[in-house]
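To start, the structure under review is shown below, and the notes come after it.
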Amino acid sequence: MNKIYVVGIGPGAYDQMTGRAIRALNDSDVIIGYTVYVDLVKDYFSGKEFMTTPMKKEVDRCVLAFEEAEKGRTVSMICSGDAGVYGMAGLMYEVGKDYPDTELEIIPGVTAATGGAAVLGAPLIHDFCLISLSDLLTPWEKIEKRLLCAAEADFVICLYNPSSKKRHDYLQKACDLLMKYRMPETVCGIVSHIAREGECAKVLTLGELRDTNVDMFTTVFIGNSQTKELNGKMVTPRGYRGV
């Protein structure tokens, strides 16, 4: 049976990878991924062969992985964060229907929600949801409905892909929607370049967040009605009474 590991490498720093992810990459003959992600791991696995494809070539990347595995090589398909959270795991299973002799093993990793939460403090202690503001694969109307429902249900909300050159005002639009159910004073946080060079974080209000410039390397956290700022950290109580 041919073997492909689908590996979440976390934010990209070696010490943020799981031991299982490191073992999978060490056991592989070839490591395949988006160019930016391959650049993050190249120095740590220098004896391996690396193959890359650019953004928007995800299907081609999957086919490449299966073709290499059919040659009898052990392959790792790498993703930033967790392979199953906005990663390649689902697409690998879809493409893998045509390659029944290849086994997939999914290796989890630290996703931006948990990595960024650790930097900010403890914003995700209670119920939370992840929503991507990218409308490349999801219509904005559906994103808008998810934002409104999550806000009404008082979830802590973690936003991925909050802005880009073509979507420069999407975070502002999202904040306006959220403020239909959240107060402008709601505690929020942002973290950029999590566990990479240039990492920075800030705790601010929802009203302030609306007018804050962010990019694709930023993860945004919207507190619920109980979230507070404690000594400069963003903290959501778990719900214990009398604390």
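Listing for the model above:
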{"item": "1.4 Å probe accessible area per residue over segment 116-243, in Å²", "result": "56 Å²"}
{"item": "Cα-based equivalent ellipsoid of the chain: semi-axis lengths in Å, sorted from largest, via gyration tensor", "result": "35, 19, 16"}
{"item": "Distance violations [Cα-Cα > 25 Å] among Lys3/Lys48; Lys56/Lys165; Lys97/Lys165; Lys42/Lys233", "result": "Lys97/Lys165; Lys42/Lys233"}
{"item": "Separation of alpha-carbon centers, segment 6-38 and segment 93-132, rounded to whole Å", "result": "14 Å"}
{"item": "Segment Asp15-Asp211, extension gain: residue separation times 0.36 nm, minus the distance between their alpha carbons", "result": "67.2 nm"}
{"item": "Under the Karplus curve 6.51 cos²θ - 1.76 cosθ + 1.60, θ = phi - 60°, whole-Hz ³J(HN,Hα) for segment 166-177, x wherever Gly or Pro sits", "result": "7, 10, 5, 10, 5, 5, 4, 4, 5, 5, 4, 5"}
{"item": "Where segment 45-101 is the region considered: accessible area per residue in Å², 1.4 Å probe", "result": "52 Å²"}
{"item": "Rel. contact order, % - alpha carbon contacts under 8 angstrom, at least six apart, segment 102-243", "result": "30 percent"}
{"item": "Chain lengthening between Tyr93 and Glu144 when straightened (0.36 nm per residue, less Cα-Cα)", "result": "15.5 nm"}
{"item": "Net charge of Cβ neighbours under 10 Å - reference Met234; Lys, Arg +1; Asp, Glu -1", "result": "+2"}
{"item": "Radius, Kirkwood style, for segment 160-243 when every pair of distinct Cα atoms is counted (Å)", "result": "13.5 Å"}
{"item": "Ordering of 180-187, 150-157 by burial proxy (mean other Cβ atoms within 10 Å per residue, highest first)", "result": "150-157, 180-187"}
{"item": "Rounded to 5, percent antiparallel among DSSP beta bridges of the chain", "result": "40 percent"}
{"item": "Calculated FRET value between Ser164 and Glu49, using beta carbons and R₀ = 45 Å, to 0.05", "result": "0.90"}
{"item": "Rounded percent of accessible protein surface that carbon and sulfur make up, segment 1-123, 1.4 Å probe", "result": "48 percent"}
{"item": "Label-to-label distance, nm, for residues given as His126 and Glu67 (7 Å Cα→Cβ offset)", "result": "5.2 nm"}
{"item": "Angle between the chain longest axis and helix 140-152 axis [Cα atoms, degrees, rounded to 10]", "result": "50 degrees"}
{"item": "In sequence order, calculated HN-Hα J values of segment 210-215 (Karplus, 6.51, -1.76, 1.60; Hz; x Gly/Pro)", "result": "3, 9, 9, 7, 10, 9"}
{"item": "Additional length obtainable on full extension of the chain from Cys200 to Thr74, 0.36 nm per residue less Cα span", "result": "41.7 nm"}
{"item": "Calculated FRET efficiency for the pair Lys233/Val36, C-beta based, R₀ 35 Å, to 0.05", "result": "0.75"}
{"item": "Of all accessible heavy-atom area on segment 137-190, the percent that carbon and sulfur account for (1.4 Å)", "result": "55 percent"}
{"item": "Trypsin sites (Lys or Arg not before Pro) restricted to segment 57-97 and DSSP loop, no more than 16 other C-beta within 10 Å", "result": "Lys57, Lys71, Arg73"}
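The values are calculated or read from the model by the stated rules, or taken from the named source; none is laboratory data. Just so you know, these numbers come straight off a predicted model, no measurement behind them. Here Cβ is always computed from backbone atoms with ideal geometry, including for glycine, and neighbour counts include all displayed protein chains. Calculation scope for accessible area: heavy atoms of the full protein, side chains included, ligands and nucleic acids excluded. Shrake-Rupley method; radii C 1.70, N 1.55, O 1.52, S 1.80 Å.
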